[in-house]
Amino acid sequence: MHTTPWNITKSQLTTSDGIVVCQHWKAAEAGAAMLSAGGNAVDAAVAAVLVLSVVEPWLSGIGGGGFMIAMDGRTSARYALDFGICSSCRLKPEDYPLEQGADGDWFSWPKVRDGRNIHGYGSIGVPGTVAGLAEALAKLGTLPWEQVMEPAIAEAKAGLELDWMAALALAMDTDMLLRYPESAAVWLPEGRAPRVSSAAKSNRLPLTAKVATLERLRKAGPQDFYTGELAHALVEDLQKGGSPICLEDLASYRPEWKTPLYGTYRQWDLALMPGNSAGPSLLRALNSLERLLVPSSPRPGAEEAQLYSRVCREEYAYRLTHMGQSSIPGNALDPSCTSNLCVVDKNGSVVALTNTLLSRFGSKVTSPSLGMLLNNGIMWFDPTPGHPNSIMPGVRPLANMCPLVVSRSGGERYAFGAAGGRTIFPTLLQILSYVFDFGMTLEQAFLEPRVDASTGTIRVSSRANPSVAEKIAEVFPVETVDDTIYPTRFSLPSAVRHDPAAKLNTGMAHHNSPWAAAVAEVRP
């Protein structure tokens, strides 16, 4: 049988205008519209995140949390904002008793009875996204909250577009969504994943409750989510389902401005998320790579791929021991349940922002009153007592998200980020090396085959030279895999660059997704 291979590719966008790079083109367009309206990079990022909560609700949303790194184009000041998910102050670790076996999700934690840390009301943490977006806008944005919310409300009123990717996401989680009546009612109105037909009158799902929630947020302001009408409705829903989250948890939630984690790589300055993120892990791995890597050819080859694998595995060994991740090398089947975006504006300000519900469809619970999916943030905790990242009340777990800014004297700068759980920092390490060790453009770096060293078995892209797998196999078990849309074997990166000398900006989206896009502002 004759087969014709597909050549999947994507080009970088270069322009003198601002650019939004996002995992969904509609969100990128919404962010670019804020730039066109005179907004800056933070305005665009906030608008794009809100639209992502509508167009890919299984990955991120206002029921989740995240991190943001930003750099001001005029002052070069750098900012780090933590709006991560937090456990309830009333959470009881004894409510998560262990059973024999592993949970089979991202981290292969010891199994918890009934999987209550993985799905359902017991898995939900206090959402930080609304507070984080509002805080970012208040401190660094220029447009009003009401204006940046408009694109998300318009998209929600149109309903969730049921393209083939949405249908696939719903089909993959049908069994779990059916366990929760409101999720079944919203996402599976016929009791099954909807079929997509070009002949159908409407390939959209109505989002009635979510529209009302977004409109309430626009009118009453973001604090309503934590102390107002929305807060009371959300807590009532949560407590009816058995969640310990209370009004005190919401009222006391605060996003945290932190001093970025600073470092260097090849004379470039790095600003990463500190603390409970993958920022410290990426920086330590880059420090090791800088000592060990001496590029000997125009492109990275088998020797470099083995070195990437070694430094990532060594860093994961440290991370598993000292930062609280599981000592069992988990093997995620589909880690890309997160959204990442990067923005550069005409003044050279850059933003990298990652937002997540954790698992696909998060906890699988949809708030009946608010119509939004809720995170399963308790999954990020180790359910084994006495470990650095064990389940505890009123704390934030260790997360894999890793937005960062790279800059140097003269004003040239980049923002990088990725979605994909444990695969995030190994991907970013390679892309940074491709750009700063081998002089690749963003487009070249994104299209270069990668390895994933986030688990004990190193995954090697089937597009790589066979010598790569052979060299890595000298040290680690190896699996050669296709770089498919699903299952996602490697993370989904995005990046922007500002070049003040040429007065140009560049954006590059994940090459393998038909929805990811780099969109430029449109000047009048």
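Considering only residues that are hydroxyl-bearing (Ser, Thr, Tyr) and in contact with an Asp or Glu (Cβ under 6 Å, 6 or more places away or on another chain), look in the range 401-442 and name the one that is surrounded by the most Cβ atoms within 10 Å (Cβ to Cβ). Let's see the steps before the verdict.
Step one: list which residues in the range 401-442 are hydroxyl-bearing (Ser, Thr, Tyr), which gives 407, 409, 414, 423, 427, 433-434, 441.
Checking the rest, the ones that are also in contact with an Asp or Glu (Cβ under 6 Å, 6 or more places away or on another chain) come to 407, 423, 434.
On the way: SER407: 20, THR423: 26, TYR434: 22.
Restricting to residues being hydroxyl-bearing (Ser, Thr, Tyr) and in contact with an Asp or Glu (Cβ under 6 Å, 6 or more places away or on another chain), the top hit is THR423.
Within the range 11-29, restricting attention to residues that are of a type outside the set (Ser, Thr, Tyr) and farther than 21 Å from ASN347 by Cβ, which residue is nearest to the chain's Cα centre (by Cα)?
Within the range 11-29, the subset of a type outside the set (Ser, Thr, Tyr) is 12-13, 17-29.
Filter once more, keeping what is farther than 21 Å from ASN347 by Cβ: 23-27.
Details: GLN23: 10, HIS24: 13, TRP25: 16, LYS26: 17, ALA27: 14 Å.
Restricting to residues being of a type outside the set (Ser, Thr, Tyr) and farther than 21 Å from ASN347 by Cβ, the top hit is GLN23.
Taking SER87, is it in contact (Cβ under 8 Å) with a residue 24 or more places away in the chain and more than 30 Å from SER407 (Cα to Cα)? Can you show your working first?
Values: in contact (Cβ under 8 Å) with a residue 24 or more places away in the chain: yes; more than 30 Å from SER407 (Cα to Cα): yes.
The answer is yes for SER87.
Filter the range 402-449 for residues that are in a helix (DSSP H, G or I), hydroxyl-bearing (Ser, Thr, Tyr) and farther than 19 Å from THR14 by Cβ and give the result. Break it down stepwise before answering.
Of the range 402-449, the ones in a helix (DSSP H, G or I) are 421-438, 442-447.
Restricting the remaining residues to those that are hydroxyl-bearing (Ser, Thr, Tyr) gives 423, 427, 433-434.
Listed by number, the residues that qualify are THR423, THR427, SER433.
So in the range 124-172, with the set limited to residues that are among the acidic types (Asp, Glu) and surrounded by 20 or more Cβ atoms within 10 Å (Cβ to Cβ), which one is nearest to GLU56 (Cα to Cα)?
The first filter runs over the range 124-172 and keeps only residues among the acidic types (Asp, Glu), leaving 135, 146, 150, 155, 161, 163.
Subset that is surrounded by 20 or more Cβ atoms within 10 Å (Cβ to Cβ): 135, 155.
Values: GLU135: 23, GLU155: 11 Å.
For the range 124-172, the residue satisfying everything is GLU155.
Name the residue that is modelled with the lowest pLDDT, counting only residues in the range 1-53 that are outside any helix (DSSP H, G or I), among the aliphatic types (A, V, I, L, M) and over 19 Å from ALA415 (Cα atoms). Give the derivation first.
From the range 1-53, those outside any helix (DSSP H, G or I) are 1-24, 37-40; that's our starting set.
Keeping just the survivors that are among the aliphatic types (A, V, I, L, M) gives 1, 8, 13, 19-21, 37.
From what is left, the residues that are over 19 Å from ALA415 (Cα atoms) are 1, 8, 37.
Working: MET1: 46, ILE8: 68, ALA37: 97.
Taking the candidates together, the pick is MET1.
Which one is farthest from LEU168 (Cα to Cα), of the residues in the range 500-518 that are of a type outside the set (Lys, Arg) and surrounded by fewer than 16 Cβ atoms within 10 Å (Cβ to Cβ)? Give the derivation first.
Of the range 500-518, the ones of a type outside the set (Lys, Arg) are 500-502, 504-518.
Going one step further and asking which of them are surrounded by fewer than 16 Cβ atoms within 10 Å (Cβ to Cβ), we end up with 500-502, 504, 514.
On the way: PRO500: 42, ALA501: 45, ALA502: 43, LEU504: 38, PRO514: 14 Å.
Filtering first and then ranking leaves ALA501.
Looking only at the range 190-213, decide whether some residue is outside any helix (DSSP H, G or I), among the acidic types (Asp, Glu) and more than 25 Å from the chain's Cα centre (by Cα).
To start, the set of residues in the range 190-213 that are outside any helix (DSSP H, G or I) comprises 190-207.
Narrowing further to those that are among the acidic types (Asp, Glu): 190.
Pick out the ones that are also more than 25 Å from the chain's Cα centre (by Cα) and you get 190.
For the range 190-213, residues outside any helix (DSSP H, G or I), among the acidic types (Asp, Glu) and more than 25 Å from the chain's Cα centre (by Cα): present.
Assuming ILE118 fulfils every condition listed in (1) among the hydrophobic types (A, V, I, L, M, F, W, C); (2) over 17 Å from ALA136 (Cβ atoms); (3) surrounded by 24 or more Cβ atoms within 10 Å (Cβ to Cβ); (4) touching a Leu at 6+ places or on another chain (Cβ under 8 Å) apart from one, which condition is it?
Among (1) among the hydrophobic types (A, V, I, L, M, F, W, C); (2) over 17 Å from ALA136 (Cβ atoms); (3) surrounded by 24 or more Cβ atoms within 10 Å (Cβ to Cβ); (4) touching a Leu at 6+ places or on another chain (Cβ under 8 Å), ILE118 violates only (4).
Of the numbered conditions (1) assigned to a loop (DSSP other than H, G, I, E, B); (2) at negative phi; (3) modelled with pLDDT under 95, PRO393 fails exactly one; give the number of that condition.
(3)
Given the condition buried (at least 21 other Cβ atoms within 10 Å of the Cβ), hydrophobic (A, V, I, L, M, F, W, C), touching an Asp or Glu at 6+ places or on another chain (Cβ under 7 Å) and in a helix (DSSP H, G or I), answer yes or no: does some residue in the range 54-72 qualify?
Yes: one or more hits.
Scanning for something modelled with pLDDT of 95 or more and more than 20 Å from TYR253 (Cα to Cα), does the range 371-381 turn up at least one residue?
Within the range 371-381 (the criterion being modelled with pLDDT of 95 or more and more than 20 Å from TYR253 (Cα to Cα)), the answer is yes, since at least one residue qualifies.
Considering ASP382, ASP345, which residue is of a type in the set (Asp, Glu) and surrounded by fewer than 24 Cβ atoms within 10 Å (Cβ to Cβ)?
Residue meeting the stated conditions: ASP382.
Identify, from the list THR484, THR455, THR488, the residue that is farther than 17 Å from THR9 by Cα and either at pLDDT below 95 or part of a strand (DSSP E or B) (or both).
On the way: THR484 fails: farther than 17 Å from THR9 by Cα; THR488 fails: farther than 17 Å from THR9 by Cα.
THR455 is the lone residue from the list that is farther than 17 Å from THR9 by Cα and either at pLDDT below 95 or part of a strand (DSSP E or B) (or both).
Residue-wise test of (1) more than 23 Å from TYR486 (Cβ to Cβ); (2) not in a helix (DSSP H, G or I); (3) not charged (D, E, K, R).
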| residue | (1), (2), (3) |
| --- | --- |
| LEU143 | yes, yes, yes |
| ILE153 | yes, no, yes |
| MET165 | no, no, yes |
| MET176 | no, no, yes |
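The values are calculated or read from the model by the stated rules, or taken from the named source; none is laboratory data. Every value quoted in this text rests on a predicted model; they were computed, and no experiment measured them. Glycine also receives a Cβ, built like all others from the backbone with ideal geometry; neighbour counts cover every protein chain displayed.
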